[in-house]
Amino acid sequence: MMASRQNLTKDKLLGCVLAGGQSRRMGGGDKSLMDLGGKSMLDLILARLRPQITDIVLNANGDPSRFKRFALPVVADPVGDYAGPLAGVLAGLSYAEQHKPEISHVVSVAGDTPFFPTDLVRRLSAAVPTDKPVIALASSSEKLHPVFGLWPVALRADLHDWLASGKSGKVLAFVDRHNSVEVAFSLDPATGLDPFFNANRPDDLTTVRDTLSQHIQ
């Protein structure tokens, strides 16, 4: 029997913005809160994500009050000490399981990638069956971007055990344990950038500001 290809509906999806890292290459602090000419990185990310998905949580460690103005649930890494993006994915899956039992999948989005595709959620959710757990990961220019993924809540327990046992925090090491699909995206037609361009270093912030002034505003 063929797997169901009925698209996942918005009420089955939770968005999780991964902002739990330590931003060492940026000099520390919260990259998602850095000013980009009147708006923060997180403002830009939410402006892209909110039209695509109804329920969103923010994965971040430390004092959650610094994100108060965004009016989002803030969930810390459930395991480890800044254990990487997989711990953030686990935070989203755990939140869904505990607070949103109707949610079947979590869409993870990096907290430093302001120009990700406006059809990200639709295309990821259309790429997986609804009757078995399959992970979908985004790619561009023949490169995987595993922080941008669609994760079945059914995998929460396995991911928790994987991280709690000290196994690799690399996203693809866990993904290789399960069925997965790759969803390829083209360059952003509005900016000409790779849609998964991320701001890791101070010079990257200049690129973001220039792009905003030339193409977005």
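The values are calculated or read from the model by the stated rules, or taken from the named source; none is laboratory data. Remember, it's a predicted structure, so these values are computed and weren't measured experimentally. FYI the Cβ positions are ideal-geometry reconstructions off the backbone, even for glycines, and counts take in every protein chain you see.
A few notes on this one:
- Between ALA164, ALA127, ALA199, the distinction of being more than 25 Å from THR54 (Cβ to Cβ), of a type in the set (A, V, I, L, M, F, W, C) and surrounded by 15 or more Cβ atoms within 10 Å (Cβ to Cβ) belongs to ALA199 only.
- One residue alone among ASP119, ASP112 is at pLDDT 95 or above and under 30 Å from ASP188 (Cα atoms), and that residue is ASP119.
- Beta carbons closer than 8 Å, at least 6 apart along the sequence or on distinct chains, pair a first residue in the range 142-153 that is within 13 Å of PRO195 (Cβ to Cβ) with a second that is at pLDDT 95 or above and surrounded by fewer than 22 Cβ atoms within 10 Å (Cβ to Cβ) for HIS145/SER139.
- Here ALA126 does not qualify as in contact (Cβ under 8 Å) with a residue 24 or more places away in the chain and touching a helix residue (DSSP H, G or I) at 6+ places or on another chain (Cβ under 8 Å).
- Candidates VAL208, VAL153, VAL175, filtered to the one that is under 19 Å from the mean Cα position of the chain (by Cα) and closer than 30 Å to MET34 by Cα: VAL208
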